[in-house]
Amino acid sequence: MNEIRTTCPYCGVGCGLRVANGTLKGDVSHPANYGRLCSKGAALKDTLDLPDRLHTPTIAGRDAEWDEALDLIAQKFADTIRDHGPDSVAFYVSGQFLTEDYYVANKLMKGFIGSGNIDTNSRLCMASSVAAHVRAFGEDIVPGCYDDLEEADLVVLTGSNMAWCHPVLYQRLIAAREKRGTKIIVIDPRRTSTCETADLHLALKAGSDVALFSGLLVHLASSNAIDETWIADHVSGFAETLEAAWEATPSLDATADATGIAPADLQTFYDMFTKTERVMTLYSQGVNQSSTGTDNVNAVLNCHLATGRIGRAGMGPFSLTGQPNAMGGREVGGLANQLAAHMSFNEADINRVSRFWSAPNIATAAGRKAVDLFDDIASGKIKAVWIAATNPAVSMPRAGDVRDALKACPFVVVSDAWPTDTTALAHVVLPAAAWAEKDGTVTNSERRISRQRAFRAAPGSARPDWWMFAQVASRMGHADAFAFQSPADIFREHAALSAFENTGQRLFDIGALANLSNTDYDALEPLQWPQPKRASSTGSTRLFTRGGFPTPDGRARMIPLASSTPKRAPATLRLNTGRIRDQWHTMTRTGRVPHLMAHTAAPLIAMNPLDAQMRNIGQDMLVRISNAHGTALMRANLTTDQQPGDAFMPMHWTDEFASAAVVGKLVASNVDPVSGQPDLKGSDVTVTPVETLWVGRLVRISSALPDSDENIFWTKTPNISGTAFELSGSSPLNTVITSESALRRLLQIPASAELVSYSDPKKSVFRYAGFTGERLDACLYLAPEGAALPPRDLAETFLSRAMSPLERISLLAAATPALTAAPKEVICSCFGIDAARIKAAIRDHNLASVGEIGASLKAGTNCGSCIPELKKLLQQNKETEMAPAK
Ligand SMILES: Nc1nc2c(c(=O)[nH]1)N[C@H]1C(S)=C(S)[C@@H](COP(=O)(O)OP(=O)(O)OC[C@H]3O[C@@H](n4cnc5c(=O)[nH]c(N)nc54)[C@H](O)[C@@H]3O)O[C@H]1N2
Ligand SMILES: Nc1nc2c(c(=O)[nH]1)N[C@H]1C(S)=C(S)[C@@H](COP(=O)(O)OP(=O)(O)OC[C@H]3O[C@@H](n4cnc5c(=O)[nH]c(N)nc54)[C@H](O)[C@@H]3O)O[C@H]1N2
Ligand code: SF4
Ligand SMILES: [Mo]
């Protein structure tokens, strides 16, 4: 096979990949990663043949032909619009759409259905940054580029766990720091892996970002660090903004009070920022996903605008985008309050886009934003919805209400590549072609457009999303406007629209690409926008170098901000939610790859030991987390990485991977008033211990989920030949396993299978194995809470293999201490090396650096995602060595 160059489907870094002869590696010539990949990117080859793909359209659960499904969708949408008007239907799409998918869906809803009701999961992700960019710059623009990270002297990361969420960019930063000594400051209420390499970690009170940056602006002004000439030429609103900042944070002590950061640490941060010209501030979800998200971002932009540190090498504010095409979606107008090609719902733009599309029925007002959109479904205002490439039953706030809304909605279409908690609620499920099977473009955090290229056929009759939307559009009577034959056709139209009647008012202009031939499109090299026709087509690495902001007066706007740190109810904890290193969102791909599950195999709620003590919660105890919206169950991880009063829960687990660990069910839906982005980092919850009587480890060929029973908590992990479940029970074992048939159901073995058991009733230890002939089909270990269970590996080694009588005995006896161990905590997922092995090697061979660990064990030498954790283990070893002998 010829080598194919494509782009990673995960985060907004947008790393290039080369695929040839079954191998997949980082693309050394791609300017985002220059050959590097993180643990998720490096594991993409293991996602190509994942089980459970959706192959065929289904209607009410039965297989259907595409024609039948598409006709039905067109008919239902048309009927609903006829009876209740265009705003009675909606699309909810995704930053994981390719630009071409997005363009077609947006054109159909806004141009031809005539409603603004298309919103996207970017509302949960980028909306506050978009709104703040528009407020300050006049347009949604990220001024800088990745190279700036390598040319900065100070990098401030706020609300970003970059080591885990943008790992390759983080590795570029760390490599640059080795050369030039870049200083790194992390602003995050909890201590994350990103803090391992930081010079300073500011553990601010959650939600106090505006105060922190207002304080910085005051400090900059009183240290004469304001660039007055730059402001005079290019910025408006300076005086009012400074005044508001003075009012909010008149002194260092006031800021310390508002943010909970010690005055000395504030002073250090402010001095470093003031004295360093080449400073970059990168921000992500800790800033965006807040009920003051837009203000949070503007507070950062204010400091860069006041000092003129923008648009030049090594300096500027920089929004880290989440999804692979978070930026592309905004280019086509995927958010309900945008039109297309960075145009908005004003008269001139509406008129312009309607002429370009020849759309007689264009939407004239913004549509409903995600939270309102699902509320409108719940209230019956929206009666037909099409959800694509996102899993809102898990990722939306008040996910329980979202599920109820979809259950009650008369017509729900979902396109996805795997079954999800959302497809389970759909009337029509459409099988989507996924990464590796579809063609198009994505735009990464630095405005760089790259091609995703197909290199294998989609399974069954799965089809790309753009095709589904174009088909439905044609069947609704708009065949001419949706006659696209390929992604290249769509891309050309999108590029032409960006340049249409654009003489420089809109910086998003890729007119130079409007006439690409199909061959040029196929060969398109990664390039940064803008790419206007008028200029040489090299793109602009940095924008605003000499001002030139796309506002009516050409000036950027500083925004006066009031600050208030949210008050906390003393009995509750503030639930912060976010990501872990090796999982991608709702786990549809990464949760099916065994070695990606090894790093964190189960959801845990992290909380401070003081909060735990007050609630009688011990390490690893099962706890119930609840509030008015819902409940979740998981084990507790007590750690001083969390401040007292805060807790952290991963966002990833769904009903497919745990019995009750869906984060969205606990998340309130307070939104930022400007952007409509929900505060996903700050819901009040109560946490209480759950008494568990027994624990179990079940390994079996069948992946069927255990029966749901609120007295059993389970989590699921895949393995090479089957599935493993960790079980905990809060009602006596004999009320769960009431009979042999109940046991066989749990093991998923038929009555004809041989059932072998071992028991030690005095110790409440029970072990079972099920065989078809010689083949091991299932194995279950049970023990009282707190007692160790035999390791999973034991059963996993034998699963679906023939076992000799002696092996059967060793499987059930599991008697040697080596065989009764806690699950391994795998640190290096590329080579499967766990923490215990690394710690032993550090201790026994006096390893002193990440390089030495690599030379000795290979850990950290492939993707490098575990390097911050290796550093932590080295540090822990140093601390133990230095501790006085007892
Ligand atoms: N491994 C992995 N990587 C990913 C993804 C994934 O699912 N898995 N998803 C991608 C996507 S779509 C996105 S959007 C990005 C998200 O990337 P990040 O934003 O880096 O990730 P999060 O874990 O959501 O949140 C970042 C941090 O914000 C902190 N935070 C919470 N409250 C506050 C606050 O009030 N102030 C400040 N300053 N910080 C706060 C949290 O403690 C957390 O550590 O990651 C992308 N990369
Ligand atoms: N509590 C809490 N909630 C959050 C967040 C948080 O930090 N905390 N973060 C928010 C953020 S930033 C984001 S981006 C969202 C992410 O949340 P979601 O978008 O809901 O999560 P994903 O699992 O990425 O969903 C993508 C879906 O698309 C499917 N898919 C993959 N490729 C294709 C394709 O080509 N076509 C189609 N049709 N489907 C495809 C996948 O199987 C998967 O089901 O979650 C948000 N929700
Ligand atoms: S950093 Fe990792 S997940 Fe993000 S694009 Fe690169 S390889 Fe993919
Ligand atoms: Mo995101």
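What are the extents of the Cα atoms of the stretch 388-467 along their three principal axes, in Å, largest first?
Sorted from largest, the Cα extents of the stretch 388-467 read 39, 34, 16 Å.
Taking the radius of gyration and the Kirkwood hydrodynamic radius from Cα positions alone, what is the Rg/Rh ratio for the stretch 541-584, to two decimal places? Could you put the intermediate results ahead of the total?
On the way: Rg = 20.3 Å, Rh = 16.1 Å.
Rounded to two decimals, Rg/Rh equals 1.26.
Rounded, prolate or oblate: pick one for the stretch 673-730, where a ≥ b ≥ c are the square roots of the eigenvalues of its C-alpha gyration tensor, a/c under 1.5 means rounded, and failing that, prolate if a/b is larger than b/c, else oblate. Walk me through the numbers on the way to the answer.
On the way: a/c = 3.56, a/b = 1.65, b/c = 2.16.
Oblate is the answer for the stretch 673-730, as a/c is 1.5 or above yet b/c matches or exceeds a/b.
Which FRET efficiency, nearest 0.05, do Tyr34 and Ala813 yield, Cβ-Cβ r, R0 60 Å? The partial results should precede the final answer.
Numbers: r = 52 Å, r/R0 = 0.87.
Plugging the Cβ-Cβ distance into 1/(1 + (r/R0)^6) gives 0.70.
Which order do Met468, Met614, Met651 take by accessible area at a 1.4 Å probe, largest first? Walk me through the numbers before you get to the answer.
Details: Met468 0, Met614 140, Met651 30 Å².
Order by accessible area, largest first: Met614, Met651, Met468.
Mind checking the dipole of the stretch 430-586: about its Cα centre, +1 per Lys or Arg Cβ, -1 per Asp or Glu Cβ, Debye to the nearest 20?
Numbers: 21 positive and 14 negative charges, 191 e Å.
Here the stretch 430-586 has a charge dipole of around 920 debye.
Please state the charge dipole magnitude for the chain, taken about the Cα centre, from unit charges on C-beta atoms (+1 on K and R, -1 on D and E), reported in debye and rounded to the nearest 20. It would help to have the intermediate numbers written out before the result.
Working: 85 positive and 94 negative charges, 248 e Å.
Magnitude of the dipole: close to 1180 debye.
Run through all the Cα pairs of the stretch 481-562 and give the fraction in each 5 Å bin from 0, expressed as whole percent.
With a bin width of 5 Å, the distribution comes to 3, 14, 20, 21, 15, 11, 7, 6, 3, 1, 0.
What is the calculated FRET efficiency for Gln75 to Asp147, with r their C-beta to C-beta distance and R₀ = 60 Å, to the nearest 0.05?
Details: r = 52 Å, r/R0 = 0.86.
The value I calculate is 0.70.
Given the pairs Lys76/Lys110; Lys179/Lys839; Lys76/Lys407; Lys183/Lys839; Lys76/Lys438; Lys438/Lys665, which are separated by over 22 angstrom at their Cα positions?
On the way: Lys76/Lys110 18 Å; Lys179/Lys839 28 Å; Lys76/Lys407 17 Å; Lys183/Lys839 28 Å; Lys76/Lys438 28 Å; Lys438/Lys665 33 Å.
Those over the limit are Lys179/Lys839; Lys183/Lys839; Lys76/Lys438; Lys438/Lys665.
Please report the spacing between the Cα centers of the stretch 670-694 and the stretch 609-657 in Å, no decimals.
11 Å
Just the number, please: percent antiparallel of the DSSP beta bridges in the stretch 328-453, rounded to the nearest 5.
On the way: 4 of 13 bridges.
If I count the DSSP bridges inside the stretch 328-453, around 30 percent turn out antiparallel.
Share of the chain's accessible area from carbon and sulfur, percent, 1.4 Å? List each step's numbers first, then the result.
Details: 16450 of 31890 Å².
Looking at the chain in its full context, I get 52 percent from C and S.
Output needed for the stretch 214-268: three equivalent-ellipsoid semi-axes, defined as square roots of 5 times the C-alpha gyration tensor eigenvalues, in descending order, whole Å. Each step should come with its number before you reach the end.
Numbers: eigenvalues 113, 29, 10 Å².
Ellipsoid semi-axes (Å, largest first): 24, 12, 7.
How long are the semi-axes of the equivalent ellipsoid of the stretch 827-884, taking √(5λ) for every eigenvalue λ of the Cα gyration tensor, in whole Å from largest down?
Values: eigenvalues 73, 22, 18 Å².
Value: 19, 10, 9 Å, ordered largest first.
Give the residues of the stretch 566-580 whose amide nitrogen is closer than 17 Å to a point set 7 Å from the Cα of Leu610 in the direction of its Cβ.
Answer for this model: 568-575.
Taking a ≥ b ≥ c as the square roots of the Cα gyration tensor eigenvalues, with a/c under 1.5 meaning rounded and otherwise prolate when a/b beats b/c, else oblate, which class fits the stretch 491-613?
Numbers: a/c = 3.97, a/b = 1.59, b/c = 2.50.
Verdict is oblate for the stretch 491-613.
Would you mind classifying the chain by shape? Square roots of the alpha carbon gyration tensor eigenvalues, ordered a ≥ b ≥ c; an a/c under 1.5 is rounded, otherwise it is prolate if a/b is larger than b/c and oblate if not.
Numbers: a/c = 1.67, a/b = 1.23, b/c = 1.35.
Cα axes put the chain in the oblate bin.
Between Arg180 and Lys25, what FRET efficiency follows from the Cβ-Cβ distance if R0 is 22 Å, with the result rounded to 0.05? Write down the numbers at each step before the final one.
On the way: r = 28 Å, r/R0 = 1.27.
Efficiency for this residue pair is about 0.20.
Just the accessible area per residue of the chain, please: how many Å² with a 1.4 Å probe?
Dividing the accessible area of the chain by its residue count gives 36 Å².
According to a simple spin-label model (label point 7 Å from Cα along Cα-to-Cβ), what is the distance in nm between Asp760 and Lys407?
Placing both labels 7 Å along Cα→Cβ, they lie 4.4 nm apart.
Could you give me D for the stretch 629-682, from Stokes-Einstein at 10 °C and 1.306 mPa s, where the hydrodynamic radius is the Kirkwood radius over C-alpha pairs? Units µm² s⁻¹, please.
Numbers: Rh = 12.9 Å.
Roughly 123 µm²/s, to the nearest whole number.
Ranked by accessible surface with a 1.4 Å probe, highest first, in what order do Met476, Met109 come? Don't skip to the answer; put the middle values down first.
Values: Met476 40, Met109 0 Å².
Greatest to least solvent exposure: Met476, Met109.
Name the residue from Ala802, Ala769, Ser856 whose Cα lies farthest towards the positive end of the charge dipole of the stretch 761-868, charges +1 on Cβ of Lys and Arg and -1 on Cβ of Asp and Glu.
Result: Ala769.
Taking a probe of 1.4 angstrom, what is the accessible area of Cys125 in Å², to the nearest 10?
The accessible area comes out at roughly 10 Å².
Which whole-number percent of Cα pairs in the stretch 99-173 have a distance greater than 13 Å?
On the way: 2167 of 2775 pairs.
Cα-Cα pairs of the stretch 99-173 separated by over 13 Å account for 78 percent.
If I stretch the segment between Leu733 and Ser804 completely, what's the gain in nm (0.36 nm per residue apart, minus their alpha carbon distance), one decimal? Mind showing how you got there, number by number?
On the way: separation 71, 0.36 × 71 = 25.56 nm, distance 3.00 nm.
Extra length available between Leu733 and Ser804 comes to 22.6 nm.
Among Leu746, Asn734, Ser759, pick out the residue whose Cα is farthest towards the positive end of the charge dipole of the stretch 707-864, where Lys and Arg carry +1 and Asp and Glu carry -1 on C-beta, about the Cα centre.
Among Leu746, Asn734, Ser759, the one farthest towards the positive end of the dipole of the stretch 707-864 is Ser759.
With charges set only on the Cβ (+1 for Lys and Arg, -1 for Asp and Glu), what does the dipole of the stretch 116-156 come to about its Cα centre, in debye to the nearest 20? Let's see the in-between values first.
Numbers: 2 positive and 8 negative charges, 87 e Å.
Approximately 420 debye in magnitude.
Take Thr545 and Ser564, extend 7 Å from each Cα along the Cα→Cβ direction, and tell me the distance between the two endpoints in nm.
Label at Thr545, label at Ser564, 4.4 nm between them.
Can you tell me what share of the DSSP beta bridges in the chain is antiparallel? A percent to the nearest 5 is fine.
On the way: 73 of 118 bridges.
Rounded to the nearest five, the antiparallel share is 60 percent.
Tell me, Kirkwood radius of the stretch 243-328 from alpha-carbon pair distances, in Å? Mind showing how you got there, number by number?
On the way: mean 1/r = 0.0690 Å⁻¹.
After inverting the pairwise mean of 1/r, the radius is 14.5 Å.
Report, for the stretch 599-710, the % of DSSP beta bridges that are antiparallel, rounded to 5.
Looking only at bridges with both residues in the stretch 599-710, the antiparallel portion is about 75 percent.
If each residue of separation counts as 0.36 nm, what is the full-extension length gain between Val690 and Asp257 once their alpha-carbon separation is subtracted? Display every interim value, and only then the final one.
Numbers: separation 433, 0.36 × 433 = 155.88 nm, distance 3.62 nm.
That works out to 152.3 nm of additional length.
What's the extension gain from Arg355 to Glu710 if we count 0.36 nm per residue and subtract their Cα-Cα distance?
122.1 nm
Glu68 versus Ala264, label points 7 Å from Cα toward the beta carbon: distance in nm?
The answer from the label model is 7.4 nm.
The values are calculated or read from the model by the stated rules, or taken from the named source; none is laboratory data. Treat the numbers as computed from the prediction; the structure is a model and nothing was measured. Glycine gets a Cβ as well: all are built from the backbone with ideal geometry, and neighbour counts include every protein chain shown. Surface accessibility is based on the protein's heavy atoms, side chains included, excluding ligands, DNA and RNA. Shrake-Rupley method; radii C 1.70, N 1.55, O 1.52, S 1.80 Å.
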